[in-house]
Structure formats: structure tokens, C-alpha cells
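Visitor: Questions regarding the structure given below will be posed in turn.
The values are calculated or read from the model by the stated rules, or taken from the named source; none is laboratory data. Everything quoted here is computed from the prediction, not taken from an experiment. Cβ sites come from the backbone with ideal geometry, for glycine too, and all protein chains shown count toward neighbours.
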Amino acid sequence: MRPGAKGTRRLQRVYGAQLLCVRYRYDEHARRRITTVELRVDEQPWTPKASATVHVEIRYAEARLRELAKKGGATWDRARQLWRMRRSAAIKLGIAHRIRPEEVRSPDIPATKAISSPIRTTKELKRRNP
């Protein structure tokens, strides 16, 4: 849950701007609710390594190049209408000149996937018990 949402306000008063995320996990066996928080403890400028993921333009008519890119792990980014691949793969294919600049992203940190465990999230419980 994002800071400011219902169920996070008390923790937001405690942690302030450092609070990034609040999760409620449920242990069905012990019949306990566990509250976890994600905090920002440090922030520094970061420059990606040369092998980072990049967006590359491959035209529709370039079927052979598209297939080679797919074999190298490229995936289609529908939102940007470009192929996403590792920079090293683009260099290997000889299409480094087609790399498009990265869009500026918002400072929001994407949600992480839950780790498989006997402890369940609210969403998982609702799915199992409609």
C-alpha cells in the first residue's frame, strides 16, 4: 500500500517521507496479521552499467533481425513501440546506433512480487475466499 492510503496513515506519521510501502501479511496457521514497512534509508546518484537494458528500434520489415533479437532475449515494449534488450546484445547484433534515449521515470519505486510462503497477503486471501 502506498503512503497515505487507508491503513498506512499511522505509520506515515511515525516514518514520514522515508516510508515507501506498507504490507499486511496473514499467517493462517498462527492466525496473525503481520505488518511490514519498506523504508528509504539512503539515496545516491546512480549511473547504469554498460550492460543495462536499453530500447532499440527494429522495423517491422526487418523480420530476420527481429528474430535474432528475440533469440537474444529481446522483448517488445508495447507502450514505447520499441524492443527492450540488454545493451551488450544490441552491440553484438550491430544495432547500437538504434538505441533510443531512456524516458525520465518518476521516483516511485515499483511494487515487488511476494515471496512464496505460508503467510498470505490480503489480496491472496480474497482470491482464495471470495
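Visitor: One residue is enough: does segment 40-50 have a residue meeting the conditions in contact with a Lys or Arg (Cβ under 9 Å, 6 or more places away or on another chain), surrounded by 11 or more Cβ atoms within 10 Å (Cβ to Cβ) and within 30 Å of Arg87 (Cβ to Cβ)? Outline the logic, then answer.
Guide: Applying the first criterion (in contact with a Lys or Arg (Cβ under 9 Å, 6 or more places away or on another chain)) to segment 40-50 yields 48-50.
Okay, now just the ones that are also surrounded by 11 or more Cβ atoms within 10 Å (Cβ to Cβ), so none.
For segment 40-50, residues in contact with a Lys or Arg (Cβ under 9 Å, 6 or more places away or on another chain), surrounded by 11 or more Cβ atoms within 10 Å (Cβ to Cβ) and within 30 Å of Arg87 (Cβ to Cβ): absent.
Visitor: Any idea which of (1) surrounded by 13 or more Cβ atoms within 10 Å (Cβ to Cβ); (2) in contact with a Phe, Trp or Tyr (Cβ under 8 Å, 6 or more places away or on another chain) is the one Arg32 doesn't satisfy?
Guide: Unmet condition: (1).
Visitor: Quick check on Glu102: is it modelled with pLDDT under 85 and surrounded by 10 or more Cβ atoms within 10 Å (Cβ to Cβ)?
Guide: Values: modelled with pLDDT under 85: yes; surrounded by 10 or more Cβ atoms within 10 Å (Cβ to Cβ): yes.
In short, yes.
Visitor: Counting only residues that are touching a residue at least 24 places away in the same chain (Cβ under 8 Å), over 30 Å from Arg2 (Cβ atoms), under 20 Å from the mean Cα position of the chain (by Cα) and assigned to a loop (DSSP other than H, G, I, E, B), how many does segment 51-82 have?
Guide: Total meeting the criteria: 1.
Visitor: May I pose another question? Mind checking whether some residue in segment 3-21 is more than 30 Å from Ala89 (Cβ to Cβ), surrounded by 11 or more Cβ atoms within 10 Å (Cβ to Cβ) and touching a residue at least 60 places away in the same chain (Cβ under 8 Å)?
Guide: Yes, the conditions are met somewhere in segment 3-21.
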